[in-house]
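Visitor: Here's a structure for you.
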Amino acid sequence: MGKEFVEKIEGSPIIAAIKNDAELALCLTTDIEVIFILYGDLCTIPGIVEKIKEAGRVAMVHLDLVAGLAPKEASVDFIRCRTQADGIITTRANLTRYAKEKGLATVLRFFILDSMALSNIEKQAQLHYSAQPDVIEILPGVIVPKVMKRICAMSRVPVIAGGLIHDREDVVNMLDSGAVAISTSTPEVWLM
């Protein structure tokens, strides 16, 4: 699934990041191909994913934000066995490795707060290919283009910019800086 996921975001670089049912309904009226699910709980996540899959879209579940799931491999198993999700998003590298083994697409999120965060990306990039996520997502997505270029140069996998992306200029800056896609919860950007 990982290769297909990367091809999908490269071909359609705006990703809808949804936080509630109203945003889900709205993004399904757009041409958005990939949807990051940033809400839900154990009872609702299968239905949320089902709506996305019925619409022919890629459903990526943010494992860390689903109420009732712990940062454990069993949570990956739950997503794989109890939903139709295409993959997971997480801040935990061990879970991306496990999810890849189980055939799910993976996004590893990094929050760029300081030089230590850049060091963590560099360490991740030095790991064997089998330990790499399919893509990394950098937050906030409106970081200085110079920093995004540096991250893209050091990463062995494609990079997504996410968070605080509100207009065309933000999208263009990040794509021009080397990101293959952006994720945003701003509906105006979904409609660009």
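Visitor: Okay, which of the range 94-128 sit inside 12 Å, backbone N to the point 7 Å along the Cα-Cβ direction of R156?
Guide: Output list for this probe position: 122-128.
Visitor: In Å, what Rg and Dmax follow from the Cα atoms of the range 105-170?
Guide: 11.6, 36
Visitor: Accessible area per residue, 1.4 Å probe, Å², for the chain: what's the number? It would help to have the intermediate numbers written out before the result.
Guide: Working: 8820 Å² over 192 residues.
Computed with neighbouring chains in place, this is 46 Å² per residue.
Visitor: Can you match percent of Cα pairs over 26 Å apart to one of these, [x] 31; [y] 47; [z] 25, based on a calculation from the structure here?
Guide: Evaluating percent of Cα pairs over 26 Å apart on these atoms matches [z].
Visitor: Okay, next question. Work out the charge dipole of the chain with +1 on the Cβ of Lys and Arg and -1 on the Cβ of Asp and Glu about the Cα centre, then indicate which of I182, S130, I15 is farthest towards its positive end.
Guide: Toward the positive end, the furthest listed residue is S130.
Visitor: At 1.4 Å probe size, with the rest of the protein present, what percent of the exposed accessible area of the chain is carbon and sulfur atoms?
Guide: Working: 4620 of 8820 Å².
Reported share for carbon and sulfur atoms: 52 percent.
Visitor: Viscosity 1.567 mPa s, temperature 4 °C: what is the translational diffusion coefficient of the range 51-151 from Stokes-Einstein with a Kirkwood Rh over Cα pairs, rounded to a whole number of µm²/s? Before the final figure, lay out the partial values.
Guide: Values: Rh = 14.4 Å.
Approximately 90 µm²/s, per Stokes-Einstein.
Visitor: Taking loop as defined by DSSP and a crowding limit of 15 other beta carbons within 10 Å, which trypsin sites (Lys or Arg not before Pro) in the range 1-45 fit? Kindly include the intermediate steps, with their values, before the conclusion.
Guide: Working: sites: K3, K8, K19; in loops: K19.
Filter output for the range 1-45: K19.
The values are calculated or read from the model by the stated rules, or taken from the named source; none is laboratory data. The shown structure was predicted, so the numbers you read here are calculated from the model rather than taken from an experiment. Heads up, the Cβs are rebuilt from the backbone with ideal geometry, glycines too, and the neighbour counts pull from every protein chain shown. Areas reflect the complete protein model, heavy atoms only, side chains present, ligands, DNA and RNA absent. Shrake-Rupley method; radii C 1.70, N 1.55, O 1.52, S 1.80 Å.
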